1. Evaluate region 297-315: report whether one residue or more is in contact with a His (Cβ under 9 Å, 6 or more places away or on another chain) and part of a helix (DSSP H, G or I).
2. Considering only region 119-136, state which residues are within 9 Å of the ligand (Cβ to nearest atom), of a type outside the set (Ser, Thr, Tyr) and outside any helix (DSSP H, G or I).
3. Could you grab the pairs with beta carbons closer than 6 Å, sequence gap of 6+ or different chains, first residue in region 127-155 and of a type in the set (S, T, N, Q), second one assigned to a strand (DSSP E or B) and near the ligand (Cβ under 9 Å from one of its atoms)?
4. So, residue 190, is that one in contact with a strand residue (DSSP E or B) (Cβ under 6 Å, 6 or more places away or on another chain), part of a helix (DSSP H, G or I) and within 21 Å of residue 333 (Cβ to Cβ) or not?
5. Would you please name the residue that is surrounded by the fewest Cβ atoms within 10 Å (Cβ to Cβ), looking only at residues in region 61-80 that are in a helix (DSSP H, G or I) and not hydroxyl-bearing (Ser, Thr, Tyr)?
6. Within region 109-152, count every residue that is at pLDDT 95 or above, over 27 Å from residue 29 (Cβ atoms) and not aliphatic (A, V, I, L, M).
7. Could we say that residue 211 is over 17 Å from the mean Cα position of the chain (by Cα) and under 12 Å from residue 337 (Cα atoms) here?
8. Which of the residues spanning region 141-178 are under 14 Å from the mean Cα position of the chain (by Cα) and within 25 Å of residue 271 (Cα to Cα)?
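The values are calculated or read from the model by the stated rules, or taken from the named source; none is laboratory data. Just so it is clear, the model here is predicted, and its values are computed rather than measured. Every residue, glycine as well, gets a Cβ built from its backbone with ideal geometry; the counts of neighbours run over all protein chains shown.
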Amino acid sequence: MEKIKVKSSKNYEVLIGGGLLGNCGEIIRNTCDGDIAVIVSDDNVYPLYGADLTAELERNGYKVECYIFPHGETSKNTENLVDLLRFLAQRGVSRSDVICTLGGGVTGDFGALAAGLYNRGIKLAAIPTSLLAMVDSSVGGKTGVDLPEGKNLVGMFYQPDVVICDYELLQTLPPEFLSDGMAEVIKYGVIAGKKLFELLENTVDNPASCFDDNTLAEKIIAECISIKRDIVGEDEFDKGCRQLLNFGHTVAHGIEQRSGYTVFHGNAVAAGMVSVSRAYAAMGKCDGEIPDRVESLVKKFGLISELPFTVEELALAAVHDKKRTGESITVVVPEKIGHCVLEKIPVCDIIKYIGVKK
Ligand SMILES: NC(=O)c1ccc[n+]([C@@H]2O[C@H](COP(=O)([O-])OP(=O)(O)OC[C@H]3O[C@@H](n4cnc5c(N)ncnc54)[C@H](O)[C@@H]3O)[C@@H](O)[C@H]2O)c1
């Protein structure tokens, strides 16, 4: 088992290992007092792992309540958020009680926001079950739900008390979501993980082969989380270097929104990373080999590499993106694999930075 300590406004540990779900009641009890544990999960994941988690929590003295919602991005909305907050109030949940999110990034973002808001903040234990949630969304404290006007527009920074990554849970993750999560793994390689990127290029044939092998699974997940830990430790509130994690994301959020969330997050990030790399290479801002290397990994892992919308359409979405500050927007430029820099550009130039016009 790997243990990574995250230092931020709340310090906490991320545990990474096979079979941790079978021991998670004790792990949660070590960091969270309280009488009630509320499992927040979606209708795909709860039937798979909800009973085991409930039994574990009960064994460790919690009264367990379960809030199950329909899976998918469209559930990450303010109506469900209020519904969950009222569920907590109706069950008499207090500030010392704990929310346990069991699921992918949707469950994590949504449940963590409720934990941050309810009673001005209650305990939070995150049990990510998708690859994307393990390597990215469960660590770092970004929470949120979407508005019809845009993604993650309602949210706050709220750090968990503990994160438990049991990679054996990935065995039931549908292959398309395993691929989807690989986009964020590639992203970590580009922004700060040259060795990770080379490992993906040279050792790994397809997403499933990473996670059939426990040693490789632990290594890949731990490497991603370590990169995120370092970045979040330096810039918890996204004022500076944390924006490096947004490589490909301004374009991705536009793709997700314009597609009505039918293009999933990782695929949107993949197409975004390829497209912006091509644009930067054309401007002479990054190593000429980067676009091809990123594209070939993206394709190897079954992700989309072409933008499903025009650069004009995506530029319009980027102008409305919440990452914009006034008349400027910060973009992430990969100078070489493993090293990216931030560049502030005028909003009116965004189209040049999204992709090369066909
Ligand atoms: N907070 C952050 O820092 C951050 C970072 C990146 C992405 N995100 C957010 O994460 C979300 C995407 O996350 P996601 O891809 O995990 O989506 P998701 O939570 O919708 O999970 C994907 C699908 O896989 C299913 N699933 C999850 N784990 C499973 C398992 N072990 N077995 C079987 N089925 C399983 C889910 O039910 C769902 O249908 C987006 O909303 C995105 O905005 C947040």
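1. no
2. 128
3. 129/103; 138/128
4. When the stated conditions are applied, residue 190 passes them.
5. Result: 79.
6. Within region 109-152, residues that are at pLDDT 95 or above, over 27 Å from residue 29 (Cβ atoms) and not aliphatic (A, V, I, L, M) number 1.
7. Values: over 17 Å from the mean Cα position of the chain (by Cα): yes; under 12 Å from residue 337 (Cα atoms): no.
Here the answer is no, as residue 211 does not meet what is asked.
8. 142, 143, 144, 145, 151, 152, 177, 178
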